[in-house]
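Remarks on the structure that follows.
The values are calculated or read from the model by the stated rules, or taken from the named source; none is laboratory data. As the structure is a prediction and not an experimental result, all values here were calculated from the model. For neighbour counting, all protein chains shown are included, and Cβ atoms are generated from backbone atoms with ideal geometry for every residue, glycine included. Please note that ligands, DNA and RNA were not included when accessible areas were found on the heavy atoms of the full protein model with its side chains. Shrake-Rupley method; radii C 1.70, N 1.55, O 1.52, S 1.80 Å.
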Amino acid sequence: MKKLIMVKYGEIALKKQNRSYFINALTKNIKNALRDFDQVVCNQIQGRIVVENIEESDEIAVLDRLKKVFGIVSLTRAFEVDPNMETIKETALQIMKEKHHVTFKTEARRSDKSFPFTSPEIAKSVGAFVLIHTDDITVDVHHPDITLNIEIRKKAYIYYENIPCEAGMPIGVSGRGCLLLSGGIDSPVAGFMIARRGMKIEACHFHSYPYTSLEAKEKVIEIAQKLKEYNQGIQLHSISLTKIQEEILLKCDESYLTVILRRFMFRCAERLSEARGLQALITGESLGQVASQTIESITCTNDSVALPVLRPLIGMDKNEIVRHALHIDTYEISIQPFEDCCTIFLPKHPQIKPTLEKVIAQESKLDIEKLIEDAMTTLETIRL
Ligand code: ATP
Ligand code: MG
C-alpha cells in the first residue's frame, strides 16, 4: 500500500488535440513547485497526475505548494493498492476505522474495463464490507459526511478528500505578459487573474525615486514575492519615471500630468516587452474607479501603445477586488501607506475626460522618444 497525492485537472483535460501538451506543462510546473523536496516523484497516470514518495512531515507543505499551481482543480491524499477486491476492501476499512460516528457512501469508477466487477458492484461490495466491520459508521447516500472513492486504473486508488484548488491553466501555456505592478491593491490581483489563465507574467514597476521612498520599492518586492508562488517564479523590473514627471510638470498643463504619465508608463512597458518578448500589458484598472480610469482616460492611455492591454478587473467592484487581494495575501502589504509615483505631484484638478487631441497637443511639447530612451537606461531587474 502506497500513500500519495492525487492531482485532478479539469478544463485542460477537455483540450482534445493539445491535451498532452497541457498535461505535460502542468506536470512540469508541479515538479518545479516541488523542487525543494528532492525525494518527491511526480508521475502521469491515465487522467490524473500523482505525487509520490512524500515524507510524512512534508505532506502539508507539499499540499500548500500544489494549491498554488494553476491547472489543478482539486487534490486528495490517496492510497494506491493492487487492484484486487480483497485489498481494496481492507484498505477502505482501514481508512474508515479511523473515523467515528460518521455517515458515508462509496463511489467507484473503473477505467480499467478488464477489472472483473462493474463500478456499482465495487461500490456496493466495499460499502457493505466497511459497514459489517465497523460499529459507529452508517450509510447516507444523499448527504454523507464522507464519500469514499475507489478508482480502478492500472492500480486501485482509494480516497475521501477533495481539496479545491485554483483551477485555471498551467503557467506558460498562454504566452507571457508584462504586469504593470504598482504597490496598490489592484494590480497584484490583475496579475494573479491573468497568470491563472496560463500567462507567465513579468512585473514592471515605475518609481520616482527620490520622491518615492525605498520602502515603496521594498513593498513592491514583497508583493512580487507573493505572485511568484503562483507564477512559477517572477522577474521584477523597475524603471524610474522621475525625469519624465519633472519634464511634464515643467512643460505641460498640470491637469494633464496623470494621463500623460500613464501614457509614458505604457510606452516604457511596451519597450520592455519588446526586449523581453512579452505579448501583452496587464493593468489593474477598473472602470470609473478613479479619474485616470474613466473611459476617456483609458482611451487616451490605450492609444499610446500597439500591444494589447489586458484589464481583468475592468468590471469588478472594489470589494470584489479586495476579496481576491485577501485570498492571494497581498492586501496587508498593499495597504501600507507609501507614496506611489502616481500620487506625488497629484494635480488639484486632473482631467477626468481628456480628449486624445488635447493630450497629444500637450505631449508635443516633450521629446517623447528621448524621454523614453533615458527612462529605459534606469531599468533594473531582479529575479525572485
Ligand atoms: P493599483 O491599486 O493597482 O495601484 P489604482 O487603483 O491605484 O491601482 P491607478 O493608480 O490609476 O489605480 O493605476 C492603474 C493601474 O496602472 C494599476 O493597476 C497598475 O497596473 C498601473 N500602475 C499604476 N501605478 C503604477 C506604478 N507605479 N508602477 C507600475 N504600474 C502602475
Ligand atoms: Mg495605484
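In the chain, helical runs assigned H by DSSP with n ≥ 4 each contribute -39500 (n - 2.57); averaged across all residues and rounded to the nearest 500, the mean residue ellipticity at 222 nm is -11500 deg cm²/dmol. If you take all other residues with their beta carbon under 12 Å from the beta carbon of ALA78, and give Lys and Arg +1 and Asp and Glu -1, the sum is +3. A full extension of the chain between ALA306 and ASP145 corresponds to an added length of 52.5 nm, given 0.36 nm per residue minus the alpha carbon distance. Here the extension length gained between THR343 and GLU369 equals 6.9 nm, from 0.36 nm per residue of separation less the Cα-Cα distance.
Taken per residue, the accessible surface of segment 9-143 reaches 56 Å², heavy atoms only and a 1.4 Å probe. Gain on full extension, evaluated as 0.36 nm per residue between LYS155 and LYS124 minus their Cα-Cα distance, stands at 9.2 nm.
Just to confirm a number: summing +1 for Lys and Arg and -1 for Asp and Glu over residues other than GLY183 whose beta-carbon lies under 11 angstrom from that of GLY183, what do you get? That works out to -4. Considering Cα pairs under 8 angstrom that are at least six residues apart, work out the relative contact order of the chain and quote it in whole percent. Worked out over the chain, it gives 16 percent. Carbon-plus-sulfur fraction of the accessible area of the chain, 1.4 Å probe, in percent? Carbon plus sulfur share of accessible area: 52 percent. A 1.4 Å probe run over the protein chains yields, for segment 170-266, 30 Å² of accessible area per residue, whole-number rounding. Other residues with beta-carbon under 12 Å from the beta-carbon of MET1 carry, at +1 per Lys or Arg and -1 per Asp or Glu, a net charge of 0.
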